[in-house]
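Quick notes on the structure that follows.
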Amino acid sequence: MSLLEIKNLSVSIHGTDILKDVSLTVSPGEIVAITGESGSGKSMTALAIMHLLPDDAQVSGAIHLEAVDVLSASEAEMCAIRGNAAGMVFQEPMTALNPLKPIGAQVAETVLIHTATTPAKAEEQARDMLARVGLPEDRFPMSRYPHELSGGQRQRVVIAMAIVQRPRLLIADEPTTALDVTTQAQILDLLKELVAEFGMGMLMITHDLAVVSNMADRIVVMRHGKVVEQGKTQALFSNMRHPYTRALFEASGHKVSLPRLPADQQPLLEVKNAVRDYALPRTRLFAPREYAHAVRDVSFTLRAGDRVGLVGESGCGKSTLTRAILGLEPLQSGEIRAFGKPVGPDMDPSLRAGMQVVFQDPFGSFNPRHKVDRIITEPFHLIPDPPKGSERSKAIAEALGAVGLHPSDAQKYIHEFSGGQRQRIAIARALIIRPKLIVFDEAVSALDVSIRAQILDLIADLSRSHSLSYLFISHDLSVVRTVTDTVMVMQAGEIVEQGITESVFTNPQHPYTQSLIAAAPVLPPVLPGPGHLTRRPDHV
């Protein structure tokens, strides 16, 4: 008997079809993955299961969670089910957690809501569950707040909240998208262990086929609100019948073609023995000041035309080093020079004009009240004589055209674009003053595999047409491997290995690099044949 059964589920909102005849099942102890691009209906299916659809949604079909008819259940009945019979792990743990409550109280709250127990017993149950997910109290006190934990640790708290009542169904919505490869591997292993230990059924939502290839028992592929293909994992990979499934597989292992490096390479960025420390809070009055060493004696040179990658786990110092390179934070010792001039918080604006940055979350880096033309011309204040009138309009049109958008998009607001289009706008903003160097800070980590492939192709094309030099920071090793010529591996504030990208990935010398590569998800091989792909992607 199926734990979860969805039959012909259709959802429309204001006359727009969101889901169309979706059918799938999840059995106890089974992991089923729903994959597809943004807008395919993955998350809406999960919200329908939890009875969290908008009030004006029109729903037909059936959803049965064991003996419960979810679509006809009252809100009171669903409140008893959510967190008890069905738990949910959300994509962004910092949003899912209450920043004003300690983590122990948040896990215990789920117990207190669903069981008639004392706060002391609920706290003990929360302590046991946090230890089970890898957060023992001796190392991670229950009095800690979410902001005191790393991204992977916060995700473990969310998992503890979802499973503390040992639900029969666990829904995991993109639980590892923003995590580095080793933390991602730990979270995936933890979820598999919990499913086996508790006998739960798990519905995992993800856009990355490599993530679920060795985890899911069955895969459901969705597109435009429809299920286009589903089956057992190995059988589906061995015989992908739908063109969309094959396209997702191709995009997951996509490789770009970078232009050759120029013959005459002048140094653009020189980092010499950079050290950046942070003072830690004093544990007692008049205690000696202690420091955290975020960047330790880092040195490297980026030359004209170079495409350099920087990889490492969360907390290794990538972001701190990036802020120092951009002149946003000072160094305690060492030196950073860009275009032959010293970099620091008080550097000349003209020097900042030569370095631009593309952030991970374009929506968060834009002012939603401004139209695109104003957003992408923000860097004009860095140059002494910015274009005006028709010259300004021409520069806007050229920047939008360079990233594959139409000049008419300049008069739209940022909410009118998809995630991939927003990232293109972020790149257009960085390009509009023709900088010599661009820093891509996790610029594709939140994108679907197909959109990610388009953005990577765009970066390669811009390298060819604009002689673009860049520092590409990412936790996704497969992306770094295809879009850079050289790579640096960072651990605990130090560069532990660097060299030609393909050499480092093929024959890593440092144990830390070896562990990163071993933890990266790998697409399974696909044999040639009718309906099959004819090659195995060269994937990490």
Per-q log10 I(q)/I(0), segment 305-356, q = 0.18 Å⁻¹ (Debye; single scatterer per alpha-carbon; no solvent): -0.64
Euclidean distance of C-alpha centroids, segment 343-357 and segment 256-298, integer Å: 17
Taking N as its residue count, the alpha carbon Rg of segment 136-195 over 2.2 N^0.38 Å: 1.14
FRET efficiency, 1/(1 + (r/R0)^6) with R0 22 Å, evaluated for Ser365 and Thr177 via beta carbons: 0.75
Solvent-accessible heavy-atom area per residue, rounded to whole Å², over the chain at 1.4 Å: 44
Alpha-carbon centroids, segment 507-521 and segment 47-97: separation in whole Å: 40
Mean shadow area of segment 14-140 over all directions, Cα convex hull, nm²: 10.3
Near-label residues of segment 121-158 by backbone N, under 11 Å of a point 7 Å along Cα→Cβ of Phe198: 129-130, 133
Solution diffusion estimate, µm²/s, Stokes-Einstein, segment 370-504, Kirkwood Rh from C-alpha pairs, 37 °C, viscosity 0.692 mPa s: 204
Among Leu310, His293, Thr182 the positive-end extreme of the charge dipole of the chain (Cβ point charges): Leu310
Debye intensity ratio in log₁₀ form over the Cα atoms of the chain, taken at each q of 0.06, 0.07 Å⁻¹: -0.33, -0.45
Stokes-Einstein D for segment 112-235, Kirkwood Rh over Cα pairs, 10 °C, 1.306 mPa s (µm²/s): 99
Partners for Lys192 among lysines (Cα-Cα distance below 25 Å; same-chain residues under 8 apart left out): Lys42, Lys232
Exposure of Thr118 as accessible area (Å², to 10), given a probe of 1.4 Å and all protein chains: 70
Under 19 Å from the Cα of Lys371 - lysines, other chains or at least 8 residues apart: Lys388, Lys394, Lys412
Equivalent-ellipsoid semi-axes of segment 252-318, from the Cα gyration tensor, Å, largest first: 38, 18, 5
Inter-label distance for Asn98 and His381, nm, one decimal - labels placed 7 Å from Cα along Cα-to-Cβ: 3.9
Cβ-Cβ FRET estimate between Val256 and Glu335, R0 fixed at 45 Å, reported to 0.05: 0.85
Globularity index of segment 1-41, i.e. its alpha-carbon radius of gyration over 2.2 N^0.38 Å: 1.37
Size of electric dipole in the chain: Cβ of Lys, Arg +1 and of Asp, Glu -1, about Cα centre, debye, nearest 20: 860
Segment Thr301-Ser393, length gained on full extension (0.36 nm per residue, minus Cα span): 29.5 nm
Extension gain, Ser319 back to Ser38 (0.36 nm per residue minus Cα-Cα distance, nm): 98.4 nm
More than 11 Å apart - percent of Cα-Cα pairs taken over segment 326-373: 75
Segment 268-367: C-alpha pair distances exceeding 24 Å, %: 31
Apportionment of accessible area to carbon and sulfur, the chain, percent (1.4 Å): 51
Burial order of peptide ranges 222-232, 61-71, 196-206 (average beta-carbon count within 10 Å, highest first): 196-206, 222-232, 61-71
Convex hull volume per residue in cubic angstrom - Cα atoms of segment 186-285: 280
Among Met490, Asn98, Leu112 - extreme Cα towards positive end, dipole of the chain, charges at beta-carbon: Met490
DSSP-assigned coil residues among chymotrypsin sites (Phe, Trp or Tyr not before Pro) in segment 359-428, each with at most 16 further Cβ atoms within 10 Å: Phe363
Segment 233-316: trypsin sites (Lys or Arg not before Pro) falling in loop per DSSP and having at most 16 other Cβ within 10 Å: Arg241, Lys255, Arg260, Arg282, Arg284, Arg289
Spin-label pair Ala292/Met347, simplified geometry with 7 Å Cα→Cβ offset, distance in nm: 2.5
Segment Arg374-Arg284, extension gain: residue separation times 0.36 nm, minus the distance between their alpha carbons: 27.5 nm
Residue-averaged 222 nm ellipticity for the chain, from DSSP H runs of 4+ at -39500 (n - 2.57), nearest 500: -9500 deg cm²/dmol
Mean Cβ neighbour count within 10 Å, used as a protection proxy, ranking 394-403, 85-94 highest first: 85-94, 394-403
Antiparallel bridge percentage (DSSP; both residues within the chain; nearest 5): 55
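The values are calculated or read from the model by the stated rules, or taken from the named source; none is laboratory data. From a predicted model like this one, the values you see are computed outputs, not experimental measurements. Backbone-built Cβ (ideal geometry, glycine too); neighbour counts: all protein chains shown. Ligands, DNA and RNA are excluded from the accessible area calculation, which covers all protein heavy atoms including side chains. Shrake-Rupley method; radii C 1.70, N 1.55, O 1.52, S 1.80 Å.
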